[in-house]
Amino acid sequence: MDARFPLSDNEIGLKFGKRFANAAMVIDQSPLPKATQELVKIRASQINGCGFCTDMHTKDATADGETPARLNLVAAWREATVFTEAERAALALAEEGTRIADAHHGVSDETWARAREHFDDDQLVALVSLVALINAANRINVIVRNPAGSYEPGMFAAFAN
């Protein structure tokens, strides 16, 4: 399977990709725990059916030491005992933030309050920004049908800067 359109072969695609990667770096360097960041990216990508991002972020999480048990249970996090309360709050916010079109109320006050209990202002801004950014990445990759499976951890590191 090939992508419909190779964005990196286009000048505008390259410029946008570079700025997108720089925005991702801001979040990556934030105080939001890296494990939480990857779990959120994986869950949003699963919901959006983005194979490319699911592949990327499960591999990045594995490279960062995430366990197979936790990765295998991301889609069923509510029934799993392997996630912290903070991670559960982040996953709930990610799901509701990803499914805005499906739930006319967006992120519920209850979910927001749970996230507020576990994350300070900087972490919360990073979490909200991360949900927005991964959803944008999912949409781009789904639209152009970027295929999954070939990602290697760190292969886009040089793209930012």
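GNM remark for the chain: springs join alpha carbons under 10 Å apart, and the peak mean-square fluctuation among 33, 68, 147 falls on 68.
Across the chain, the mean sequence separation of Cα contacts (distance under 8 Å, 6 or more residues apart), normalised by length, yields a relative contact order of 41 percent.
Taking the Cα centre of each part, how many Å lie between segment 91-161 and segment 24-41? Each part's Cα centre sits 10 Å from the other's. Count Lys and Arg as plus one, Asp and Glu as minus one, and take only other residues whose Cβ is under 13 Å from that of residue 81; the net charge is then 0. In this Cβ point-charge picture (+1 for Lys and Arg, -1 for Asp and Glu), the chain has a dipole of about 440 debye about its Cα centre. Each residue in 52, 83, 156 was given a count of other beta-carbon atoms within 10 angstrom of its own, and listing them fewest first yields 156, 83, 52. Within a straight-line Cα-Cα reach of under 16 Å, residue 34 can be paired with the following aspartates and glutamates, leaving aside sequence neighbours fewer than 8 residues apart in one chain: 60, 64, 66, 85, 87, 120, 122. Of all lysines in the structure, those lying under 17 Å Cα to Cα from residue 41, and not within fewer than 8 positions of it along the same chain, are 59.
Computed per residue of the chain from DSSP H runs no shorter than four, each worth -39500 (n - 2.57), the mean residue ellipticity at 222 nm is -19500 deg cm²/dmol.
Note on the chain: GNM, Cα springs under 10 Å; of 92, 23, 44, the largest mean-square fluctuation is that of 23.
To the nearest ten degrees, helix 121-143 and the longest principal axis of the Cα atoms of the chain are 40 degrees apart.
A short reminder: the numbers here are calculations on the coordinates, not readings from a lab. Small disclaimer: the values here were computed from a predicted structure and weren't measured. Here the Cβ is made from the backbone with ideal geometry for all residues, glycine too, and neighbour counts use every protein chain on show.
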